[in-house]
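Working notes for the structure below.
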Amino acid sequence: MFTRCFRSQRIMVPRLPAALAIVIGTSALAGSPTSEKPPTAGDASPAAGTVAPPAAQAEPIEPSPEPLQGPVALDLLDLFVHPIGPEGMEFSEKTRSLDGKRVVVEGYMVRQELPYGKRFLLTTRPVILEEDEMGPGDDLPPQTIFCFLPDNLAMTVVYTPARLRLTGTLRLGHREEPDNMVSFVRLLLEPPEKPSPDSTPDAAPADAPAPPGQP
Amino acid sequence: MVLHARNALALAAGVLASAAASAAPTVTRLIPPSELFSTGNTDPIIARFLPGQRFDLQATISPDSGSPLLVPGSIQFLVDGSPVAGTVTTKSPAGGTYPTGTTIGTLRAYSNGIPGRHTLSVTAQQADGQTVTATGNFEIVPIVQQGRRAKNIIVCIGDGMGIAHRTAARIMKQGVAQGKAKGLLAMDRMPYTGIVITHSLNSIVTDSAPGACCYSTGNKFVNNQLGVFPDDTTGGSNANNDFDNPRVELVTEYLYRTFGKTSGIVTTADVFDATPAAFASHTAKRGDGTGICDAYLDESGSTGLSVILGGGRKWFLPSGTLGSARGASTDYVLPAELASAWGVPAGAIDPARNLLGDFQSSGWTYAADRTALNSIPSNTSKLLGLFTYSNMNVALDKINGRRGTSTVVNDYTFPNQPMLSEMTTAAINVLNRNPAGFFLMVEGASIDKQAHNMDSERWILDTIEFDDAVAVCNQFAQANPDTLVIVTADHECAGINIIGASTVTDAALQARIALGQGAAQVRNGVVGTYDAAGFPNYTIAADGYPTTTDIDRRMLIGYAANADRYEDWRTNPLPLQDSQQPLVGSAPLNTYPALPINRDTAGNFLVTGQIADTIAAHTASDIPCSAFGRGSPQFTGVMDNTDIYFKMMQAALGGWAGR
């Protein structure tokens, strides 16, 4: 699937893939390209194909104190004040203003060695996290978001290399995760919408190579 | 699984060593490790130490089921049959299943000044009067006084750098003409070279922890463990179990205690990473970043640690500060008996500690970027440089950032990172202020990390970056002859070799890739072996790196310890570097997939890996070692990795007759 997607990008500018990186069982819904434009800051309407009905939203970790509103686009590169100073980072004003609110972000799922469970990391560029070999020594960009699936969904995460567009509720603040990682930016994902015919990937040509399997 | 097997072996040996009946206590572990204890064979000697080098003695003893108690105070260690003076403290095992009453006896900070082989025995008595004795051995390696000592020692570790990594870097940077290298790397020009055996205590294939600790202690350790022998309080959620293992005195501790030499660690990785941590910390778990970095400061009174340069700022910020990775589960507190015996602070579980502030208030100068590093006060005696939150960016991305052809370092929000040679220069300038001399470890960390990723151009450029740092060290040794420079690795990574060169131009290669016909187009007619390989010719820019790595008829790399990957031979692109990418100019800029299996797929040339992993692995291959300066003639032939430590210390403690 990825081979097809990657090759097709050459004639699909500015097509961007958009979907949740969630699978039910082993059937990945992730990485399905669509032809919609990426949302811009201030968008008030839900992004098609990524937002579940409000009634279906789950809050597995931190209940939202506010009613649902349309997601606001948040660029990962704008999470922090630039340039980063000599010590800690600082949330940008926009990031702080979105704490507890619905946002839509784009980025790449970090490839991990250990099982994902119901959490994965999203960051600005493709990165391999060699946590089994290297421990917490990593090549993660600072702009990394911890993304959590709703607890009440029988879903697990599998890796996908595609650029992802995710919608959920943003949570800020220090928290030590069960695997000893420390999170500061979390995204409580909304359940995925069922794939529509419009979001089905292009059919592969008859002579297309077999897609690489999930590692 | 390996540890269990070793325990079982030790258990059997313990039973054999006991003269009592079958219902007798048994010794399941005796530290330092030895073949005599494990198998009954006197050779090879596993544990070796310098005269006076401190190490802990430890034994795990299980009573039989009928008398599940040991007599308090009955555990005794004997060397060559004579009781060892000192206090034996006891504790219970943790993190595994042990018979009721199993007791760990430890005697801290033992040392022996008599060269030669020694036996180590432990005896214990259980409540019903039955006793057990188990015996192992160790060796004290003599130091011969024979000439001028090496005042300064610099160990350069190209992490994962096998012989082919060096060859590839030489071909790319210097080129070859009619079979002759047009030039040599700095490490090639060092006068003495040998090869090093790299196995660890529990595997023929080492990881970076024991791979570096052989140089910092002279001993073999278990993978993932730093400056400690294995024990029976591992695992579980108690991080303290990671820091109570039997210690071995580090080279930094020994040289600071005996000669007052200060020390430094310089790396392109996160500074808590296994290789730098091997020279200034003791833990059974290399991932305990909070405790490791705390110990850098807490125990600097023992290690003489005065320079720390690399990435890893995340461990130095209070846990509530944005970007901090500090946590209680990776922090440390030492047992009181350990802290007392070794004369070090006990530490504390304090993830909210402002470690960066503590360094600064302890007199360390802090540099957050290249500009700050290059402008530190001339009288700086302690230098901390933390240039990124974790690992630093690799040479290819740093150089292309400086050239303005890549935004990767900007994407990481650390656009002003120094090169390893600049960090090395700064470290030497600071350490050289100590009239007693210094010990410095310099690591090219991402040679390994990018070899894992099978990202050929990135590890080759990191090898070139590492070699530039070696050149700085050699220049210093040239001007300061009482200096020994050793350049080696900790292990080979990825089973790398140079299989030949492309027979086509880059444009032709791209055209073949675009067809997506796999080996028929991307391998056949492209991979030139033997005569067809010719001599790849890279153009080197004024900054010392290739103007481009996507040349016509480029060098081609193969991987023996490879995971499945697609290969197209081209430099793994960044959007601004690759017009083939459709999203050039879009933000974020990089659309390149993360995994070898997901990378380079357009050509559809799948190379099936031999290992069931997503990235390449370390190998057991021997590695090269080159040396220059005082005592360097020792570093020839085939050497065990622990031999490097004793040869280095011969130069530092006993000197060398001649250069």
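The values are calculated or read from the model by the stated rules, or taken from the named source; none is laboratory data. All figures in this text were calculated on a predicted structure; none of them were measured in a lab. Note that we place each Cβ from the backbone using ideal geometry, even for glycine, and neighbour counts take in every protein chain shown. The area values use the complete protein model at the heavy-atom level, side chains included, leaving out ligands, DNA and RNA. Shrake-Rupley method; radii C 1.70, N 1.55, O 1.52, S 1.80 Å.
Quick notes on this structure:
- Those helices (runs of 4 or more DSSP H) of the stretch B:380-494 in which 3 or more residues are touching a strand residue (DSSP E or B) at 6+ places or on another chain (Cβ under 6 Å) occupy B:420-431, B:446-452, B:456-479.
- Residue among B:Val176, B:Val155, B:Val196 that alone is modelled with pLDDT of 95 or more and more than 23 Å from B:Phe279 (Cβ to Cβ): B:Val176
- Residues satisfying the stated conditions in the stretch B:531-574, i.e. among the charged types (D, E, K, R) and either under 23 Å from B:Gly516 (Cβ atoms) or at pLDDT below 95 (or both): B:Asp550, B:Asp552, B:Arg553, B:Arg554, B:Asp564, B:Arg565, B:Glu567, B:Asp568, B:Arg570
- Cβ-Cβ under 6 Å pairs, at least 6 apart or on other chains, the stretch B:419-433 side assigned by TED's automatic domain parsing to the domain that holds B:Ala479 and surrounded by fewer than 24 Cβ atoms within 10 Å (Cβ to Cβ), far side among the β-branched types (Val, Ile, Thr) and assigned to a helix (DSSP H, G or I): B:Ser421/B:Val472; B:Thr425/B:Val472
- Scanning the stretch B:301-324 for residues that are assigned to a loop (DSSP other than H, G, I, E, B) and open to solvent by 10 Å² or more (accessible area, probe 1.4 Å) yields B:Pro318, B:Ser319, B:Gly320, B:Thr321, B:Leu322, B:Gly323.
- Just so you know, in the stretch B:391-408 the residues that are modelled with pLDDT of 90 or more and in contact with a Gly (Cβ under 7 Å, 6 or more places away or on another chain) include one that is surrounded by the fewest Cβ atoms within 10 Å (Cβ to Cβ), and it is B:Asn391.
- Among residues of the stretch A:111-122 being part of a strand (DSSP E or B) and surrounded by fewer than 23 Cβ atoms within 10 Å (Cβ to Cβ), the one that is farthest from the other protein chains (Cβ to nearest Cβ) is A:Arg119.
- Note on the stretch B:191-206: residues that are open to solvent by 10 Å² or more (accessible area, probe 1.4 Å) and in contact (Cβ under 8 Å) with a residue 24 or more places away in the chain total 11.
- Matching option when the condition is without any contact (Cβ under 8 Å) to a residue 40 or more places away in the chain and surrounded by fewer than 24 Cβ atoms within 10 Å (Cβ to Cβ), among B:Pro415, B:Pro481: B:Pro415
- Applying the criterion of being buried (at least 22 other Cβ atoms within 10 Å of the Cβ) and more than 8 Å from chain B (Cβ to nearest Cβ) to the residues of the stretch A:67-94, the residue that is nearest to B:Leu386 (Cα to Cα) is A:Leu79.
- Members of the stretch B:624-641 found to be touching a helix residue (DSSP H, G or I) at 6+ places or on another chain (Cβ under 7 Å) and open to solvent by less than 10 Å² (accessible area, probe 1.4 Å), listed by number: B:Pro624, B:Cys625, B:Gly629, B:Gly631, B:Phe635, B:Asn641
- Screening B:Asp294, B:Asp298 for residues that are more than 13 Å from every other protein chain (Cβ to nearest Cβ), open to solvent by less than 10 Å² (accessible area, probe 1.4 Å), among the acidic types (Asp, Glu) and in contact with a strand residue (DSSP E or B) (Cβ under 7 Å, 6 or more places away or on another chain) leaves exactly one candidate, B:Asp294.
- Residues being open to solvent by 60 Å² or more (accessible area, probe 1.4 Å), at pLDDT below 95, under 27 Å from B:Gly40 (Cβ atoms) and not polar (S, T, N, Q) - total across the stretch B:69-125: 2
Condition check ((1) without any contact (Cβ under 8 Å) to a residue 12 or more places away in the chain; (2) farther than 23 Å from B:Leu334 by Cβ; (3) in a strand (DSSP E or B)) across all residues:
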position: B:Thr60; (1), (2), (3): no, no, yes
position: B:Ser65; (1), (2), (3): no, yes, no
position: B:Leu78; (1), (2), (3): no, yes, yes
position: B:Ala85; (1), (2), (3): yes, no, no
position: B:Pro93; (1), (2), (3): no, no, no
position: B:Thr97; (1), (2), (3): yes, yes, no
position: B:Gly113; (1), (2), (3): no, yes, no
position: B:His118; (1), (2), (3): no, yes, yes
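- Residue match in the stretch A:137-158 (condition: among the small types (Gly, Ala, Ser), open to solvent by 10 Å² or more (accessible area, probe 1.4 Å) and under 27 Å from B:Arg458 (Cβ atoms)): no
- B:Ile499 vs. criteria touching a strand residue (DSSP E or B) at 6+ places or on another chain (Cβ under 7 Å) and at pLDDT 95 or above: yes
- When A:Tyr108 is tested against (1) open to solvent by 20 Å² or more (accessible area, probe 1.4 Å); (2) farther than 16 Å from B:Met392 by Cα; (3) at the interface with another protein chain (Cβ under 7 Å from one of its Cβ atoms), only condition (1) is not met.
- Of all residues making up the stretch B:500-533, the number that are surrounded by fewer than 15 Cβ atoms within 10 Å (Cβ to Cβ), farther than 13 Å from B:Gly603 by Cβ and not charged (D, E, K, R): 5
- Only one of the numbered conditions (1) more than 8 Å from chain A (Cβ to nearest Cβ); (2) surrounded by 19 or more Cβ atoms within 10 Å (Cβ to Cβ) is not met by B:Gly327, and that is (1).
- Only one entry of B:Phe279, B:Phe359 meets the criterion of being assigned to a loop (DSSP other than H, G, I, E, B), in the same structural domain as B:Asn393 (by TED's automatic domain parsing) and among the aromatic types (Phe, Trp, Tyr), and that entry is B:Phe279.
- Taking the criterion of being of a type outside the set (D, E, K, R) and within 13 Å of another protein chain (Cβ to nearest Cβ), the residues of the stretch A:153-176 that qualify are A:Val158, A:Tyr159, A:Thr160, A:Pro161, A:Ala162, A:Leu164, A:Leu172, A:Gly173, A:His174.
- Strands (runs of 3 or more DSSP E) completely within the stretch A:134-194 that count 1 or more residues being at positive phi and at pLDDT 85 or above: A:163-176
- One residue stands out among those in the stretch B:236-280 that are hydroxyl-bearing (Ser, Thr, Tyr) and away from chain A (no Cβ under 13 Å): the one that is nearest to B:Gly437 (Cα to Cα), which is B:Thr262.
- Residue within the stretch A:145-152 that is without any contact (Cβ under 8 Å) to a residue 12 or more places away in the chain and within 14 Å of chain B (Cβ to nearest Cβ) present: no
- Pick from the stretch B:195-213, criterion hydrophobic (A, V, I, L, M, F, W, C) and within 13 Å of another protein chain (Cβ to nearest Cβ), ranking: farthest from B:Tyr254 (Cα to Cα): B:Val205
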